[in-house]
Amino acid sequence: MRRCLLCDQILQHEPTFGQLFAKTQPDFCLSCWQGFECIQREERCQRCCGLVKKTESICEQCRYWEKQYGWIPEHHALFAYNEGAKQVLHQIKFLGDIALIDGFVEPTNEYFRKNMNKKLITGIPSATERLKVRKIDVIKHFCDQLDYAFDSFLVKLLHTPHQSEQSKTERLKLVYPFQVCQTVPKKLLLIDDVYTTGATLYQAIHALEQAGMAKNKIQTFSLFR
Ligand SMILES: [Zn+2]
Ligand SMILES: [Zn+2]
């Protein structure tokens, strides 16, 4: 008997949540799935999938990054960072309920199949200090289960306060906490759990670029945006 990963209710043979999940058996019950909001890319910022004014195609945050880095990556995201998303990430990252992230593997595979060419993936690593506390790198655990080939290219050495402990200005400051740990590939899809300001992904791209990757060969993806 399968149970919902979030609320533990027994899973009935319910209709799957929208077409995105049509081919797969969901790990969450319908009512839990309804707490998540699928991102409609055409209504969002065309680069980062963030909220954008109706008259514009690129958001203010992306224009800020373009000034800093001279370039904006193509970002993909599955769900809006709403209350349901915040709750699930809190359970995964702070209460250690790692199995919850497994419920997003198939929806992500399905999205990749429809929207992206097959390529190598890598995750945004946790800081080594944090790993000692949490014992497991959640993003690596997630990437390992996806249908795409996975490898580690980045390590996070410097301990930075968790984003929620920082002010917005601190988060936007450019610090470079990532180091590249092996020869970089030609193309890469960089994966994180949530895109808030974009700072983490830009820092990671910067490190990969310093190691010889062309930044226009790096795409980014987050479960939540
Ligand atoms: Zn449920
Ligand atoms: Zn944007």
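The values are calculated or read from the model by the stated rules, or taken from the named source; none is laboratory data. Nothing here was measured: the structure is a model prediction, and the numbers come from that model. Using ideal geometry, Cβ is built from the backbone for each residue, glycine included, and neighbour counts are taken over all protein chains shown.
Within the range 107-116, can one find any residue that is at pLDDT 90 or above, within 16 Å of ligand 1 (Cβ to nearest atom) and closer than 26 Å to Y202 by Cβ? There is at least one residue in the range 107-116 that is at pLDDT 90 or above, within 16 Å of ligand 1 (Cβ to nearest atom) and closer than 26 Å to Y202 by Cβ.
The rows are residues; the columns are (1) touching a Gly at 6+ places or on another chain (Cβ under 6 Å); (2) part of a helix (DSSP H, G or I); (3) over 21 Å from E37 (Cα atoms).
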site: Q68; (1), (2), (3): no, yes, yes
site: I72; (1), (2), (3): no, no, yes
site: A85; (1), (2), (3): no, yes, no
site: H90; (1), (2), (3): no, yes, no
site: L100; (1), (2), (3): no, yes, no
site: F104; (1), (2), (3): no, yes, no
site: E110; (1), (2), (3): no, yes, no
site: K114; (1), (2), (3): no, yes, no
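Between residues in the range 178-190 that are in contact (Cβ under 8 Å) with a residue 12 or more places away in the chain and residues that are basic (K, R) and surrounded by 17 or more Cβ atoms within 10 Å (Cβ to Cβ), which pairs lie under 6 Å by C-beta distance while being six or more apart or on different chains? As it stands, the answer is F178/K156, since those pairs meet every condition given. Quick check, is I101 buried (at least 19 other Cβ atoms within 10 Å of the Cβ) and at pLDDT 90 or above? So I101 passes the test.
Restricting the range 33-55 to residues that are without any contact (Cβ under 8 Å) to a residue 40 or more places away in the chain and not in a loop (DSSP other than H, G, I, E, B) leaves a set whose member that is farthest from ligand 2 (Cβ to nearest atom) is W33. How about the range 64-115: which of its residues are touching an Asp or Glu at 6+ places or on another chain (Cβ under 9 Å) and of a type in the set (D, E, K, R)? Of everything in the range 64-115, those that are touching an Asp or Glu at 6+ places or on another chain (Cβ under 9 Å) and of a type in the set (D, E, K, R) turn out to be K93, D102, E106, R113.
Among the residues making up the range 92-128, a single one is among the aliphatic types (A, V, I, L, M), more than 18 Å from K187 (Cβ to Cβ) and touching a strand residue (DSSP E or B) at 6+ places or on another chain (Cβ under 6 Å): A127.
Residue count for the range 132-162, restricted to those that are more than 18 Å from the chain's Cα centre (by Cα) and either at pLDDT below 70 or more than 20 Å from A207 (Cα to Cα) (or both): 8. Every test in (1) at pLDDT 95 or above; (2) surrounded by 20 or more Cβ atoms within 10 Å (Cβ to Cβ) is passed by C29 save one, and that test is (1). All told, K93 falls short of being within 14 Å of ligand 2 (Cβ to nearest atom), at negative phi and at pLDDT below 95.
Quick check: anything in the range 77-91 in contact (Cβ under 8 Å) with a residue 24 or more places away in the chain, closer than 17 Å to F28 by Cα and β-branched (V, I, T)? Yes, the range 77-91 contains a residue that is in contact (Cβ under 8 Å) with a residue 24 or more places away in the chain, closer than 17 Å to F28 by Cα and β-branched (V, I, T).
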